[in-house]
Amino acid sequence: MGQELVIAVVAALCAVAVYAAAAARVVKQYERGVVLRLGRLRDDVRGPGFTMVLPGVDRLRKVNMQIVTMPVPAQDGITRDNVTVRVDAVIYFKVVDAASAVVQVEDYRFAVSQMAQTSLRSIIGKSDLDDLLSNREKLNQGLELMIDSPAVGWGVQIDRVEIKDVSLPETMKRSMARQAEADRERRARVINADAELQASKKLAQAAEQMSSQPSALQLRLLQTVVAVAAEKNSTLVLPFPVELLRFLERAQQPQQPQLAQQPQQPPPQVPQRTDASRASAPDAEASRAEASGARSSGAGSPTGSTASRTDAGPFAHH
(Lines give C-alpha, C1' and ligand atoms only; values in the text may rest on other atoms or scores of the structure.)
Protein backbone atom coordinates (compact mmCIF):
# COMPACT_ATOMS: atom_id res chain seq x y z
CA MET A 1 0.00 0.00 0.00
CA GLY A 2 2.75 2.35 0.90
CA GLN A 3 4.63 1.52 -2.26
CA GLU A 4 1.60 2.27 -4.41
CA LEU A 5 1.22 5.64 -2.69
CA VAL A 6 4.84 6.45 -3.31
CA ILE A 7 4.51 5.48 -6.94
CA ALA A 8 1.41 7.67 -7.33
CA VAL A 9 3.13 10.62 -5.76
CA VAL A 10 6.17 10.19 -7.98
CA ALA A 11 3.93 9.88 -11.04
CA ALA A 12 2.07 13.04 -10.07
CA LEU A 13 5.30 14.90 -9.59
CA CYS A 14 6.54 13.74 -12.95
CA ALA A 15 3.29 14.85 -14.58
CA VAL A 16 3.56 18.23 -12.90
CA ALA A 17 7.18 18.51 -14.04
CA VAL A 18 6.24 17.63 -17.59
CA TYR A 19 3.33 20.07 -17.54
CA ALA A 20 5.52 22.80 -16.09
CA ALA A 21 8.14 22.17 -18.70
CA ALA A 22 5.54 22.37 -21.45
CA ALA A 23 3.91 25.49 -20.04
CA ALA A 24 7.05 27.39 -19.10
CA ARG A 25 8.20 30.16 -21.47
CA VAL A 26 11.02 32.67 -21.24
CA VAL A 27 10.65 36.08 -22.89
CA LYS A 28 13.86 38.02 -23.49
CA GLN A 29 14.38 41.63 -22.54
CA TYR A 30 14.03 42.97 -26.10
CA GLU A 31 10.97 40.82 -26.85
CA ARG A 32 7.26 40.85 -26.02
CA GLY A 33 4.99 37.80 -25.89
CA VAL A 34 1.55 37.77 -27.54
CA VAL A 35 -0.72 34.95 -26.30
CA LEU A 36 -3.41 33.43 -28.51
CA ARG A 37 -5.73 31.17 -26.48
CA LEU A 38 -7.68 28.89 -28.77
CA GLY A 39 -6.97 31.36 -31.60
CA ARG A 40 -8.23 34.37 -29.70
CA LEU A 41 -5.94 37.22 -28.74
CA ARG A 42 -5.43 37.75 -25.05
CA ASP A 43 -5.34 41.33 -23.88
CA ASP A 44 -2.29 40.92 -21.73
CA VAL A 45 1.04 41.05 -23.54
CA ARG A 46 3.70 39.11 -21.72
CA GLY A 47 6.73 41.10 -20.69
CA PRO A 48 10.34 39.95 -20.44
CA GLY A 49 11.09 37.13 -18.02
CA PHE A 50 9.52 33.80 -17.05
CA THR A 51 5.89 33.19 -17.98
CA MET A 52 3.46 30.28 -18.14
CA VAL A 53 0.96 29.27 -20.79
CA LEU A 54 -1.55 26.46 -21.04
CA PRO A 55 -0.04 23.69 -23.11
CA GLY A 56 -2.23 22.79 -26.06
CA VAL A 57 -4.50 25.76 -25.41
CA ASP A 58 -2.31 28.84 -25.54
CA ARG A 59 0.15 29.79 -28.22
CA LEU A 60 2.85 32.35 -27.48
CA ARG A 61 4.22 34.54 -30.29
CA LYS A 62 7.40 36.42 -29.49
CA VAL A 63 7.90 39.79 -31.22
CA ASN A 64 11.27 41.52 -31.45
CA MET A 65 11.09 45.13 -30.29
CA GLN A 66 14.57 46.13 -31.43
CA ILE A 67 15.28 48.58 -34.25
CA VAL A 68 15.58 46.64 -37.48
CA THR A 69 17.94 47.74 -40.25
CA MET A 70 16.61 46.70 -43.64
CA PRO A 71 18.30 47.52 -46.96
CA VAL A 72 15.98 48.48 -49.78
CA PRO A 73 16.97 46.88 -53.11
CA ALA A 74 18.11 49.28 -55.83
CA GLN A 75 15.25 50.61 -57.91
CA ASP A 76 15.45 51.82 -61.51
CA GLY A 77 13.42 54.88 -62.35
CA ILE A 78 13.13 58.01 -64.48
CA THR A 79 13.28 61.37 -62.76
CA ARG A 80 11.01 64.31 -63.50
CA ASP A 81 13.60 65.76 -65.89
CA ASN A 82 13.81 62.47 -67.85
CA VAL A 83 17.07 61.04 -66.51
CA THR A 84 17.41 57.31 -65.89
CA VAL A 85 18.81 56.60 -62.42
CA ARG A 86 19.27 53.66 -60.09
CA VAL A 87 18.67 54.41 -56.40
CA ASP A 88 18.98 52.24 -53.33
CA ALA A 89 18.19 53.08 -49.71
CA VAL A 90 18.15 51.74 -46.16
CA ILE A 91 15.28 51.86 -43.68
CA TYR A 92 15.29 51.73 -39.86
CA PHE A 93 12.09 50.70 -38.09
CA LYS A 94 10.87 49.03 -34.90
CA VAL A 95 7.69 47.46 -33.55
CA VAL A 96 5.82 49.55 -30.99
CA ASP A 97 2.66 47.45 -30.74
CA ALA A 98 3.36 43.72 -30.59
CA ALA A 99 -0.31 42.69 -30.78
CA SER A 100 -0.96 44.71 -33.96
CA ALA A 101 2.24 43.38 -35.56
CA VAL A 102 0.96 39.83 -35.03
CA VAL A 103 -2.72 40.31 -35.80
CA GLN A 104 -2.93 43.14 -38.37
CA VAL A 105 -0.30 41.92 -40.85
CA GLU A 106 0.97 38.49 -41.80
CA ASP A 107 4.65 39.42 -42.06
CA TYR A 108 5.42 42.98 -41.08
CA ARG A 109 9.04 42.78 -42.30
CA PHE A 110 8.02 41.82 -45.83
CA ALA A 111 5.25 44.42 -45.81
CA VAL A 112 7.63 47.19 -44.79
CA SER A 113 10.14 46.10 -47.44
CA GLN A 114 7.59 46.18 -50.26
CA MET A 115 6.21 49.52 -49.10
CA ALA A 116 9.73 50.97 -49.04
CA GLN A 117 10.41 49.85 -52.63
CA THR A 118 7.20 51.31 -54.03
CA SER A 119 7.68 54.57 -52.12
CA LEU A 120 11.26 54.85 -53.38
CA ARG A 121 10.10 54.51 -56.99
CA SER A 122 7.42 57.08 -56.43
CA ILE A 123 9.85 59.58 -54.90
CA ILE A 124 12.23 59.10 -57.86
CA GLY A 125 9.53 59.99 -60.37
CA LYS A 126 8.54 63.13 -58.44
CA SER A 127 12.07 64.50 -58.02
CA ASP A 128 14.67 66.10 -60.27
CA LEU A 129 18.19 64.83 -60.65
CA ASP A 130 19.62 67.81 -58.78
CA ASP A 131 17.33 67.05 -55.81
CA LEU A 132 18.48 63.42 -55.71
CA LEU A 133 22.10 64.51 -55.64
CA SER A 134 22.05 67.58 -53.39
CA ASN A 135 18.73 67.73 -51.53
CA ARG A 136 18.56 64.23 -50.07
CA GLU A 137 17.45 65.35 -46.61
CA LYS A 138 14.12 66.59 -47.94
CA LEU A 139 13.65 63.42 -49.99
CA ASN A 140 14.42 61.25 -46.96
CA GLN A 141 11.74 63.01 -44.95
CA GLY A 142 9.19 62.58 -47.74
CA LEU A 143 10.08 58.92 -48.12
CA GLU A 144 9.76 58.39 -44.36
CA LEU A 145 6.27 59.90 -44.34
CA MET A 146 5.17 57.77 -47.28
CA ILE A 147 6.26 54.54 -45.56
CA ASP A 148 5.15 55.49 -42.05
CA SER A 149 1.53 56.21 -42.99
CA PRO A 150 0.45 52.59 -43.62
CA ALA A 151 2.98 51.15 -41.16
CA VAL A 152 1.25 52.78 -38.17
CA GLY A 153 -1.69 50.37 -38.50
CA TRP A 154 0.73 47.45 -38.40
CA GLY A 155 2.17 48.49 -35.05
CA VAL A 156 5.46 49.53 -36.75
CA GLN A 157 7.18 52.85 -36.39
CA ILE A 158 9.57 54.07 -39.12
CA ASP A 159 12.56 55.54 -37.34
CA ARG A 160 14.66 56.72 -40.29
CA VAL A 161 15.01 56.34 -44.06
CA GLU A 162 18.22 57.16 -45.94
CA ILE A 163 19.02 57.15 -49.65
CA LYS A 164 22.39 55.43 -49.93
CA ASP A 165 23.51 55.76 -53.52
CA VAL A 166 22.35 57.25 -56.83
CA SER A 167 23.84 55.56 -59.89
CA LEU A 168 23.92 57.56 -63.13
CA PRO A 169 24.63 56.49 -66.72
CA GLU A 170 28.14 57.05 -68.02
CA THR A 171 27.01 59.67 -70.54
CA MET A 172 25.35 61.68 -67.79
CA LYS A 173 28.49 61.44 -65.65
CA ARG A 174 30.61 62.85 -68.49
CA SER A 175 28.13 65.67 -69.08
CA MET A 176 28.14 66.58 -65.41
CA ALA A 177 31.95 66.50 -65.37
CA ARG A 178 32.10 68.93 -68.30
CA GLN A 179 29.56 71.20 -66.63
CA ALA A 180 31.54 71.21 -63.37
CA GLU A 181 34.78 71.93 -65.26
CA ALA A 182 33.16 74.86 -67.09
CA ASP A 183 31.82 76.24 -63.84
CA ARG A 184 35.24 76.03 -62.17
CA GLU A 185 36.85 77.75 -65.16
CA ARG A 186 34.26 80.52 -65.01
CA ARG A 187 34.91 81.10 -61.32
CA ALA A 188 38.67 81.11 -61.94
CA ARG A 189 38.29 83.77 -64.63
CA VAL A 190 36.09 85.90 -62.38
CA ILE A 191 38.61 85.67 -59.55
CA ASN A 192 41.47 86.51 -61.93
CA ALA A 193 39.58 89.53 -63.30
CA ASP A 194 38.80 90.71 -59.79
CA ALA A 195 42.49 90.40 -58.87
CA GLU A 196 43.52 92.39 -61.93
CA LEU A 197 40.99 95.10 -61.05
CA GLN A 198 42.33 95.41 -57.53
CA ALA A 199 45.92 95.40 -58.81
CA SER A 200 45.12 98.14 -61.33
CA LYS A 201 43.63 100.30 -58.59
CA LYS A 202 46.72 99.85 -56.46
CA LEU A 203 49.01 100.61 -59.41
CA ALA A 204 47.03 103.76 -60.18
CA GLN A 205 47.46 104.92 -56.60
CA ALA A 206 51.18 104.15 -56.74
CA ALA A 207 51.57 106.04 -60.03
CA GLU A 208 49.74 109.02 -58.61
CA GLN A 209 51.99 109.00 -55.57
CA MET A 210 55.17 108.67 -57.67
CA SER A 211 54.12 111.45 -60.07
CA SER A 212 54.33 113.98 -57.26
CA GLN A 213 57.84 112.76 -56.36
CA PRO A 214 59.98 112.00 -59.46
CA SER A 215 62.82 110.79 -57.27
CA ALA A 216 60.60 107.94 -56.07
CA LEU A 217 60.44 106.61 -59.63
CA GLN A 218 64.23 106.71 -59.87
CA LEU A 219 64.54 104.82 -56.59
CA ARG A 220 62.09 102.24 -57.82
CA LEU A 221 64.10 101.84 -61.01
CA LEU A 222 67.28 101.31 -59.02
CA GLN A 223 65.56 98.70 -56.86
CA THR A 224 64.50 96.84 -59.99
CA VAL A 225 68.08 96.89 -61.27
CA VAL A 226 69.33 95.50 -57.96
CA ALA A 227 66.72 92.74 -58.02
CA VAL A 228 67.70 91.70 -61.55
CA ALA A 229 71.42 91.82 -60.81
CA ALA A 230 71.00 89.65 -57.71
CA GLU A 231 70.27 86.59 -59.82
CA LYS A 232 73.07 84.59 -61.40
CA ASN A 233 72.63 85.48 -65.05
CA SER A 234 74.45 87.25 -67.84
CA THR A 235 71.74 89.82 -68.54
CA LEU A 236 72.86 93.43 -68.75
CA VAL A 237 70.17 95.95 -67.84
CA LEU A 238 70.59 99.54 -69.06
CA PRO A 239 67.86 101.81 -67.73
CA PHE A 240 66.70 104.34 -70.32
CA PRO A 241 65.24 107.52 -68.80
CA VAL A 242 61.68 108.22 -69.79
CA GLU A 243 62.29 112.00 -69.58
CA LEU A 244 64.59 111.79 -72.61
CA LEU A 245 61.82 110.28 -74.68
CA ARG A 246 59.47 113.04 -73.59
CA PHE A 247 62.09 115.67 -74.52
CA LEU A 248 62.48 114.22 -78.01
CA GLU A 249 58.73 114.10 -78.42
CA ARG A 250 58.38 117.78 -77.47
CA ALA A 251 61.25 118.71 -79.86
CA GLN A 252 59.44 117.14 -82.82
CA GLN A 253 56.09 118.77 -82.14
CA PRO A 254 56.99 122.42 -83.35
CA GLN A 255 58.28 121.19 -86.75
CA GLN A 256 55.06 119.54 -87.67
CA PRO A 257 52.90 122.76 -87.72
CA GLN A 258 55.51 124.58 -89.95
CA LEU A 259 55.34 121.83 -92.48
CA ALA A 260 51.59 121.98 -92.37
CA GLN A 261 51.50 125.83 -93.03
CA GLN A 262 53.49 125.72 -96.33
CA PRO A 263 51.05 125.76 -99.28
CA GLN A 264 51.35 123.06 -101.77
CA GLN A 265 51.90 124.31 -105.36
CA PRO A 266 49.75 122.60 -107.90
CA PRO A 267 51.57 120.88 -110.79
CA PRO A 268 51.75 122.82 -114.10
CA GLN A 269 48.97 122.09 -116.50
CA VAL A 270 49.93 121.17 -120.06
CA PRO A 271 47.37 122.25 -122.70
CA GLN A 272 46.06 119.46 -124.76
CA ARG A 273 45.26 119.88 -128.44
CA THR A 274 42.25 118.40 -130.00
CA ASP A 275 42.04 116.80 -133.44
CA ALA A 276 40.29 119.86 -134.95
CA SER A 277 43.02 122.27 -133.80
CA ARG A 278 45.67 119.93 -135.18
CA ALA A 279 43.90 119.84 -138.56
CA SER A 280 43.56 123.69 -138.87
CA ALA A 281 47.22 124.37 -137.88
CA PRO A 282 48.69 124.11 -141.49
CA ASP A 283 45.98 126.43 -142.93
CA ALA A 284 46.68 129.06 -140.29
CA GLU A 285 50.42 128.97 -140.99
CA ALA A 286 49.80 129.36 -144.74
CA SER A 287 47.55 132.36 -144.21
CA ARG A 288 50.11 134.01 -141.96
CA ALA A 289 52.84 133.51 -144.64
CA GLU A 290 50.70 135.08 -147.41
CA ALA A 291 49.78 138.02 -145.15
CA SER A 292 53.45 138.73 -144.42
CA GLY A 293 54.26 138.63 -148.16
CA ALA A 294 51.49 141.12 -148.93
CA ARG A 295 52.75 143.55 -146.34
CA SER A 296 56.28 143.42 -147.81
CA SER A 297 54.99 144.16 -151.36
CA GLY A 298 52.71 146.91 -150.18
CA ALA A 299 55.56 148.75 -148.65
CA GLY A 300 56.91 149.53 -152.23
CA SER A 301 53.62 150.80 -153.87
CA PRO A 302 50.19 151.75 -152.60
CA THR A 303 48.46 149.88 -155.42
CA GLY A 304 50.32 146.78 -154.53
CA SER A 305 49.19 147.09 -150.99
CA THR A 306 45.62 147.49 -152.08
CA ALA A 307 45.92 144.56 -154.32
CA SER A 308 47.53 142.56 -151.67
CA ARG A 309 44.78 143.47 -149.26
CA THR A 310 42.28 142.56 -151.89
CA ASP A 311 44.00 139.27 -152.54
CA ALA A 312 44.27 138.56 -148.85
CA GLY A 313 40.65 139.25 -148.28
CA PRO A 314 39.45 135.80 -149.04
CA PHE A 315 42.13 134.22 -146.86
CA ALA A 316 41.27 136.54 -144.04
CA HIS A 317 37.61 135.72 -144.39
CA HIS A 318 38.45 132.09 -144.53
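The values are calculated or read from the model by the stated rules, or taken from the named source; none is laboratory data. Computed from a predicted structure; not experimentally measured. Here the Cβ is made from the backbone with ideal geometry for all residues, glycine too, and neighbour counts use every protein chain on show. The area values use the complete protein model at the heavy-atom level, side chains included, leaving out ligands, DNA and RNA. Shrake-Rupley method; radii C 1.70, N 1.55, O 1.52, S 1.80 Å.
The lone criterion from (1) of a type in the set (Asp, Glu); (2) exposed (fewer than 11 other Cβ atoms within 10 Å of the Cβ); (3) under 30 Å from LEU133 (Cβ atoms) left unmet by ASP159 is number (2). Figure legend. Inter-residue proximity from the range 1-26: first residues among the aliphatic types (A, V, I, L, M), second residues surrounded by fewer than 10 Cβ atoms within 10 Å (Cβ to Cβ) and not in a helix (DSSP H, G or I), beta-carbon distance below 6 Å, spacing 6+ or different chains. Indicated pairs: VAL26/PHE50.
Within the option set SER149, SER175, being open to solvent by less than 70 Å² (accessible area, probe 1.4 Å), within 30 Å of PRO71 (Cβ to Cβ) and of a type in the set (Ser, Thr, Tyr) holds for one residue only, SER175. For beta carbons closer than 9 Å, sequence separation of 6+ or different chains, a first residue in the range 217-228 that is without any contact (Cβ under 8 Å) to a residue 60 or more places away in the chain and part of a helix (DSSP H, G or I) and a second that is among the β-branched types (Val, Ile, Thr) and open to solvent by 80 Å² or more (accessible area, probe 1.4 Å), the qualifying pairs are VAL228/THR235.
Here ASP131 clears all of (1) under 30 Å from ASP107 (Cβ atoms); (2) surrounded by 13 or more Cβ atoms within 10 Å (Cβ to Cβ); (3) not polar (S, T, N, Q) except the condition numbered (1). Going by the conditions given, is VAL161 touching a strand residue (DSSP E or B) at 6+ places or on another chain (Cβ under 7 Å) and closer than 22 Å to ALA74 by Cα? Against the criterion (touching a strand residue (DSSP E or B) at 6+ places or on another chain (Cβ under 7 Å) and closer than 22 Å to ALA74 by Cα), VAL161 qualifies. Would a scan of the range 104-113 turn up a residue that is of a type in the set (Gly, Ala, Ser), without any contact (Cβ under 8 Å) to a residue 60 or more places away in the chain and either at negative phi or open to solvent by 20 Å² or more (accessible area, probe 1.4 Å) (or both)? So far as the range 104-113 goes, yes, one or more of its residues are of a type in the set (Gly, Ala, Ser), without any contact (Cβ under 8 Å) to a residue 60 or more places away in the chain and either at negative phi or open to solvent by 20 Å² or more (accessible area, probe 1.4 Å) (or both). Counted as qualifying within the range 39-86 are the strands (runs of 3 or more DSSP E) with 2 or more residues that are open to solvent by 40 Å² or more (accessible area, probe 1.4 Å) and not aromatic (Phe, Trp, Tyr), namely 40-46, 58-64, 68-78. All conditions in (1) touching a strand residue (DSSP E or B) at 6+ places or on another chain (Cβ under 7 Å); (2) closer than 20 Å to VAL103 by Cα; (3) open to solvent by 60 Å² or more (accessible area, probe 1.4 Å) hold for ARG25, with the sole exception of (2).
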